[in-house]
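The values are calculated or read from the model by the stated rules, or taken from the named source; none is laboratory data. Every value quoted in this text rests on a predicted model; they were computed, and no experiment measured them. All Cβ positions, glycine included, derive from the backbone under ideal geometry; neighbour counts span all protein chains shown. Just the protein is used for accessible areas: all its heavy atoms, side chains included, with ligands, DNA and RNA removed. Shrake-Rupley method; radii C 1.70, N 1.55, O 1.52, S 1.80 Å.
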Amino acid sequence: MFIIGGIQKTSLVDFPGKVAAVVFTQGCNFRCGYCHNPGLITAKQICHSEPDSEFVLKEDFLSFLKTRIGKLDGVVISGGEPTLQSGLYDFIKEIKQMNFAVKLDTNGTNPDVVKKLLNDDMLKYIAMDIKAPLEKYPQIVNISSLSEGEELRERVDLILKNIQESINLITNSKIDYEFRTTVVKSQLSFDDFDKIGQIIKGAKRYYLQKFVPSNILDKNLINEETYSEKEFETLCQNLKKHIEFVDYR
Ligand code: SF4
């Protein structure tokens with residue numbers, strides 16, 4: 001299974017140093033209020049017979065990609081959460097057979113998938129979201145909207161273990177990578193960023209991303225703000241004691 005919710009034919013900004021197409025997979029296991037792709041969150045079923053289906057068939061994307069050999073450098077696989085797609089490995093294999101570099105965007109909840117892709121040299125670049133200090137994850141990604149009671153507690157424990165494992169895999173990998181955090185001022189304090197700095201201590205690259213209140217999942221966040229330029233500069237400076245390169249965008 002590999003469900004594509006949408007594509008962007010060309011991007012100059014999503015794959016550092018490369019001109020790339022972007023594939024957005026359908027379905028996510030988080031419900032971040034600031035999510036800019038709310039239409040991609042639910043794992044809808046693809047319907048091949050609908051003429052105006054919003055979904056792009058994998059085969060159609062690969063045919064399109066063939067026409068871009070020599071014109072594009074790579075493909076970004078974003079989401080949704082791409083590691084939820086059982087056909088991810090084979091999809092990447094087909095892209096690589098056309099000699100395109102692959103960048104994966106992930107929320108880090110499936111370290112086994114990340115590990116296999118890294119071990120088999122399937123990726124050129126990986127970008128992982130760090131949503132918050134670990135103890136704040138349930139609140140920021142709204143896990144409680146997905147389960148409750150004992151099941152919720154077990155789910156949270158597993159998610160946090162998986163996040164930590166993905167961080168370790170990525171920081172110890174030989175490929176280029178970045179961690180990044182979307183910054184809603186009311187959600188994350190300066191102290192929270194120090195905690196994040198400690199969980200990705202020694203990482204090569206970390207970006208703080210300004211929250212932009214448009215087309216977001218949780219309309220209650222529409223009046224929320226991000227930090228000022230000056231505050232971002234201070235945050236970056238503080239984080240440099242943990243991480244080699246820190247910037248905001
Ligand atoms: S921001 Fe990313 S991880 Fe969060 S709900 Fe949206 S697609 Fe999922």
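Summary of computed values
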| quantity | calculated |
| --- | --- |
| Subset of the range 208-228 (residues that are among the hydrophobic types (A, V, I, L, M, F, W, C) and either under 14 Å from N142 (Cβ atoms) or assigned to a strand (DSSP E or B) (or both)) | L208, I216, L217, L221 |
| Close pairs (9 angstrom Cβ cut-off, 6 or more residues apart or separate chains): within 16 Å of the ligand (Cβ to nearest atom) in the range 77-98, assigned to a loop (DSSP other than H, G, I, E, B) and open to solvent by 70 Å² or more (accessible area, probe 1.4 Å) anywhere | G80/A43; L84/A43; Q85/M1 |
| So V212, is it within 18 Å of A127 (Cβ to Cβ), within 16 Å of the ligand (Cβ to nearest atom) and open to solvent by 50 Å² or more (accessible area, probe 1.4 Å) | yes |
| Odd one out for M128, checked against (1) open to solvent by less than 20 Å² (accessible area, probe 1.4 Å); (2) assigned to a loop (DSSP other than H, G, I, E, B) | (2) |
| Looking only at the range 25-57, and only at residues there that are in contact with a Gly (Cβ under 9 Å, 6 or more places away or on another chain), crowded, with 20+ Cβ neighbours inside 10 Å and under 19 Å from I130 (Cα atoms), the one that is modelled with the lowest pLDDT | I41 |
| Residue count, the range 139-153 (criterion: within 15 Å of the ligand (Cβ to nearest atom) and open to solvent by 40 Å² or more (accessible area, probe 1.4 Å)) | 5 |
| Residues of the range 131-151 satisfying the condition of being outside any loop (DSSP other than H, G, I, E, B) and either modelled with pLDDT of 90 or more or not small (G, A, S) (or both) | L134, E135, K136, Y137, P138, Q139, I140, V141, I143, E150, E151 |
| Any hit, the range 168-178, residues being open to solvent by less than 30 Å² (accessible area, probe 1.4 Å), touching a helix residue (DSSP H, G or I) at 6+ places or on another chain (Cβ under 7 Å), aromatic (F, W, Y) and modelled with pLDDT of 95 or more | yes |
| The range 93-119: number of residues that are outside any helix (DSSP H, G or I) and open to solvent by 60 Å² or more (accessible area, probe 1.4 Å) | 1 |
| From the options Q209, Q187, Q139, Q198, residue that is of a type in the set (S, T, N, Q) and farther than 21 Å from C32 by Cα | Q198 |
| Qualifying residue in the range 97-113 (condition: over 19 Å from D176 (Cα atoms), modelled with pLDDT of 95 or more and over 17 Å from the mean Cα position of the chain (by Cα)) | yes |
| Selection count where residues are over 17 Å from F245 (Cα atoms), open to solvent by 60 Å² or more (accessible area, probe 1.4 Å), assigned to a helix (DSSP H, G or I) and in contact (Cβ under 8 Å) with a residue 40 or more places away in the chain, scope the range 179-199 | 1 |
